[in-house]
Amino acid sequence: TTLLEFKQVSKQYGSDTKALTDVNFAVKEGEFVSIIGPSGAGKSTLLRCINRMIDASNGEIIFNGASILGIKKRELKRLRTQMGMVFQHYNLVNRLSVIENVLHGRLGYKSTLEGVLGLYSKEEKNQAYAILKTLGLEGQVYKRCDQLSGGQKQRVGIARALVQNPKVLLCDEPIASLDPNASKVIMDLLRNISTNMGITVIVNLHQVDTALKYSDRILGVNKGTIVYNGTPAGIDNEQ
Ligand code: ADP
Ligand code: ADP
């Protein structure tokens, strides 16, 4: 079944920057889709239109059977709990502990005070702990995030996204700040999350070889339009 659909989506910044023009594609439930293309192609804009961090200028975006454009604030908040976002620069609160950062995903960063663990139920804490363990962070649970390596920080970012039980992970250049070893760990985890948890993964990448290796499908973006939509094998054939 289709989870996400873009129909003739365009995004213009200001009066002259057309970041996306008439973008059409669909993503199936559980699919692992990579968006590739040069810097400035519109990858980040496209990804951020999905959870409305950026509002599309024109067109229609359907998620889970319903239009996400023009919905009310409360509905948007609910929608965003179904969409975990993972960032290049992790976007963690560095002075808080790992588990506090993960639990804050639930609160939507309403509170960034220290010592807020008491706000959470034992069940919530157990769930966060279980996810951290799955991601190999059981030894880091109470460390401050600024004491972690880049690869560990990104795993915390993924844990924060997963704790909300999302339908989709939106990952914006998740390995662009990591060395090759940490990159492999993160990509393997994202692939597992798609294959074993059935969560749809949409990931912006500028490394074409990584996209070819991990994806079910690839969207090639250039100058704000989709220039490729197909399997990794299909790209090899074109080259
Ligand atoms: P990518 O992620 O592929 O590097 P982006 O989506 O970040 O591409 O950018 C697409 C185009 O939109 C670029 O020309 C970029 O300069 C422009 N752009 C992105 N964000 C903004 C913004 N907030 N205001 C104006 N122009 C922007
Ligand atoms: P990666 O896992 O991607 O290889 P790095 O080891 O390069 O990540 O670390 C990323 C950042 O985290 C660097 O700025 C580094 O200085 C910092 N860092 C790594 N380990 C520690 C640590 N134990 N204490 C404090 N900062 C650290």
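The values are calculated or read from the model by the stated rules, or taken from the named source; none is laboratory data. Here the structure is a predicted model, which means the values were calculated and not measured. Heads up, the Cβs are rebuilt from the backbone with ideal geometry, glycines too, and the neighbour counts pull from every protein chain shown. Just so you know, the surface numbers come from the protein's heavy atoms only, side chains and all, with ligands and any DNA or RNA stripped out. Shrake-Rupley method; radii C 1.70, N 1.55, O 1.52, S 1.80 Å.
Averaging Cα coordinates gives a centre for region 152-170 and one for region 18-53; these two points are 19 Å apart. Derived scalar couplings between HN and Hα for region 6-18 equal 9, 10, 6, 7, 10, 9, 10, 9, x, 9, 9, 8, 8 Hz in order, rounded to whole Hz, by the Karplus curve 6.51 cos²θ - 1.76 cosθ + 1.60 (θ = phi - 60°), x for Gly and Pro.
Shape verdict for region 31-185, please, from the Cα gyration tensor: rounded (a/c under 1.5), prolate (a/b greater than b/c) or oblate. It is oblate, given that a/c is not under 1.5 and a/b is not larger than b/c. For LYS125, a cut-off of 18 angstrom between C-alpha atoms picks up these lysines, skipping any fewer than 8 places away in its own chain: LYS110, LYS133, LYS143.
In percent, how large is the relative contact order of region 1-108, given Cα pairs closer than 8 Å and 6 or more residues apart? Show your work: numbers first, answer last.
Details: 118 pairs, mean separation 28.1, N = 108.
Answer for region 1-108 is 26 percent.
Along region 40-52 the Karplus relation, 6.51 cos²θ - 1.76 cosθ + 1.60 evaluated at θ = phi - 60°, assigns HN-Hα couplings of x, 5, x, 4, 5, 4, 4, 4, 6, 5, 5, 9, 6 Hz to successive residues, with x for each Gly and Pro. Placing +1 on each Lys and Arg Cβ and -1 on each Asp and Glu Cβ, with no other charges, gives region 1-134 a dipole about its Cα centre of roughly 340 debye. Heavy-atom surface analysis with a 1.4 Å probe gives region 160-239 a carbon and sulfur content of 49 percent of its accessible area. Rolling a 1.4 Å probe over the protein heavy atoms of region 1-88, with every protein chain left in place, gives an accessible area that is 46 percent carbon and sulfur. The long axis of helix 180-197 is offset from the longest Cα principal axis of the chain by roughly 80 degrees. For VAL23, the residues whose modelled amide H falls within less than 5 Å of its own, excluding neighbours fewer than 5 places apart on the same chain, are GLN8, VAL9, SER10.
Average accessible surface for the chain: 48 Å² per residue, computed with a 1.4 Å probe over protein heavy atoms with every protein chain in place. Less than 5 angstrom separates the built amide H of LEU148 from none of the residues sequence-distant by 5 or more or on a different chain.
Distant-in-sequence amide contacts of LYS28, defined by a placed amide H-H separation under 5 Å and a gap of 5 or more residues or a different chain, comprise LEU3.
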